[in-house]
Amino acid sequence: MGSLPAFPEAVSAKQGVREDCIDEITLTDLFKEQQRHLNFFFERMDHSQTLSFTRTLLRSTGTIFFTGVGKSGFVANKISQTLVSLGIRSAFLSPLDALHGDIGILSAADILVLLSKSGATDELLRLVPCARAKGARLIAVTSVKGCALEAVCDMNVHLPLERELCPFNLAPVTSTAIQMVFGDTVAIALMGARNLSKEEYAGNHPAGKIGKSLIFKVKDLMKKEDELPICKESDLIMDQLVELTSKGCGCLFVIDDGRRLIGTFTDGDLRRTLKASGQGIFKLTVGEMCNRKPRTIGPEAMAVDAMKKMEAPPSPVQFLPVINDDNVVIGIITLHGLVSAGL
């Protein structure tokens, strides 16, 4: 077992705190020491226990509850939230609240996982007979072999712990890191066993970037109807300046009488036409100067694909006309709109 790095010029609370009490060497040594403690766990963990634990959770037909006190409680809550994000029925059960009514949520189909470094936490030991009376399966996850919690649960998973990184071997920092690594790794194992697809995962994270990229379609984010900057092929450019600028899209869609797309005209096209034609711009129609081969996209396309299409060579664009199968303009999707949506 490696010795802990000494803190240089340790000071008491009465003496105050000085920056020179932490230097780069001290910090590096602490990280290396924590790495050694974590390696101790990885090298000695019982994979057969972990497999039994994981398969038990996989076979669960009820809710998988996690509980713990203090820092272990925070970890238990986090592991539960991870499982929920994977579409697995799970929840955190506060041991104190459980003893004051919340135990009523437990049923015989449920599993209760009790996290405790020592396996001697009084609140958890008092919770055990109450949970057992409900018929729930009890699993202890501890770091002390032969502990009291192990003896009263249906299953125990031992998480090998060399010592805490804390110089007094008291502050739960290494033990909680081990609990977190264990819980999250089991969660990913369950994810694979349940064949969770990327789309299903995204469906559980609709507000996140991953979820949005796999959920939102062009039709969900496009502007339509009165928001569209449209004009006719024969319209004079100068007569369409208000339409070009007022819709906030930086472009015009040139359409025929059936609203089929003929081309696009942008504010960039306006600047280039003005530079090339000068006063002659007053006589030019939009149809004469529009781009008749613009990039387009359909309403059912994924919004993330619209962004890729905008950014594709030879040069990026700021918008895409949205057209149906008959080339009829039904909307516009802009880069600003995609970014604002979180993509």
Exercise for review: For every other residue with a beta carbon closer than 12 angstrom to the beta carbon of ASN156, add +1 if it is Lys or Arg and -1 if Asp or Glu, then tell me the sum.
Suggested key: -2
**Study point:** Length-normalised contact order for the range 162-308 - Cα pairs under 8 Å, 6+ apart - percent
**Key:** 22 percent
Check your understanding: Just from its helices, what would the mean residue ellipticity at 222 nm be for the chain, if runs of 4 or more DSSP H residues each count -39500 (n - 2.57) and the sum is divided by every residue, rounded to the nearest 500 deg cm²/dmol?
Key -> -12000 deg cm²/dmol
Practice item. Give the residues of the range 153-185 whose amide nitrogen is closer than 20 Å to a point set 7 Å from the Cα of ARG126 in the direction of its Cβ. Key: 153
Practice item. Would you please give the residues with an amide H less than 5 Å from that of ILE230, counting only those at least 5 places away or on a separate chain, with H modeled from the backbone geometry? Key: PHE253
Practice item. Please list the non-local residues whose amide H lies under 5 Å from the amide H of LYS217, H modeled 1.01 Å from N, same-chain partners needing a gap of 5 or more. Key: ALA303
Point to revise | Within-10-Å neighbourhood charge of SER94 [Cβ basis; K, R +1; D, E -1] | key: -3
**Study point:** Share, in percent, of DSSP beta bridges within the chain that are antiparallel, nearest 5
**Key:** 40 percent
Review point. Taking the mean number of other Cβ atoms within 10 Å as a proxy for protection, how do you rank 153-161, 126-134 from highest to lowest?
Key: 153-161, 126-134
**Study point:** For the chain: accessible area per residue (Å², 1.4 Å)
**Key:** 54 Å²
Exercise for review: Read phi for every residue in the range 234-251 and hand back ³J(HN,Hα) as whole Hz from Karplus 6.51 cos²θ - 1.76 cosθ + 1.60, θ = phi - 60°, with x for Gly and Pro.
Suggested key: 8, 5, 5, 4, 5, 7, 10, 5, 5, 5, 5, 9, 7, 7, x, 9, x, 7
Review point. What is the spin-label model distance, in nm, from VAL242 to ARG292 if the labels are put 7 Å beyond Cα along the C-beta direction?
Key: 3.0 nm
Exercise for review: With the full set of protein chains in place, find how many percent of the accessible area of the range 126-238 is carbon and sulfur; take the probe as 1.4 Å.
Suggested key: 56 percent
**Study point:** For ILE262, distant residues with modelled amide H under 5 Å away
**Key:** VAL254, ILE255, ASP256
Review point. Residue by residue, what Karplus-based ³J(HN,Hα) values in Hz, rounded to whole numbers, does the range 124-141 have, using 6.51, -1.76 and 1.60 with θ = phi - 60° and x for Gly and Pro?
Key: 6, 5, 6, 6, 4, x, 5, 5, 5, 5, 7, x, 6, 7, 10, 10, 8, 10
Point to revise | For PRO314, net neighbour charge (Lys/Arg +1, Asp/Glu -1) across residues whose Cβ lies under 15 Å away | key: +3
Review point. Per-residue HN-Hα couplings for the range 254-266, Karplus 6.51 cos²θ - 1.76 cosθ + 1.60 at θ = phi - 60°, whole Hz, x for Gly and Pro?
Key: 8, 10, 9, 5, x, 6, 6, 6, 9, x, 10, 9, 10
Check your understanding: Among the lysines, which fall within straight-line cross-link reach of LYS78, defined as a Cα-Cα distance under 17 Å, with same-chain neighbours fewer than 8 residues apart omitted?
Key -> LYS117
Review point. Which lysines does LYS217 reach when only Cα atoms under 21 Å apart count, and residues fewer than 8 places away in its own chain are ignored?
Key: LYS198, LYS209, LYS308, LYS309
Review point. With each pseudo-label sitting 7 Å past Cα toward Cβ, what's the ARG272-ARG55 distance in nm, one decimal?
Key: 6.7 nm
Point to revise | Separation of the ARG194 and SER85 label points, Cα + 7 Å toward Cβ, nm | key: 1.4 nm
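The values are calculated or read from the model by the stated rules, or taken from the named source; none is laboratory data. Just so it is clear, the structure is predicted and the values come from calculations on it, not from any experiment. Every residue, glycine as well, gets a Cβ built from its backbone with ideal geometry; the counts of neighbours run over all protein chains shown. Just so you know, the surface numbers come from the protein's heavy atoms only, side chains and all, with ligands and any DNA or RNA stripped out. Shrake-Rupley method; radii C 1.70, N 1.55, O 1.52, S 1.80 Å.
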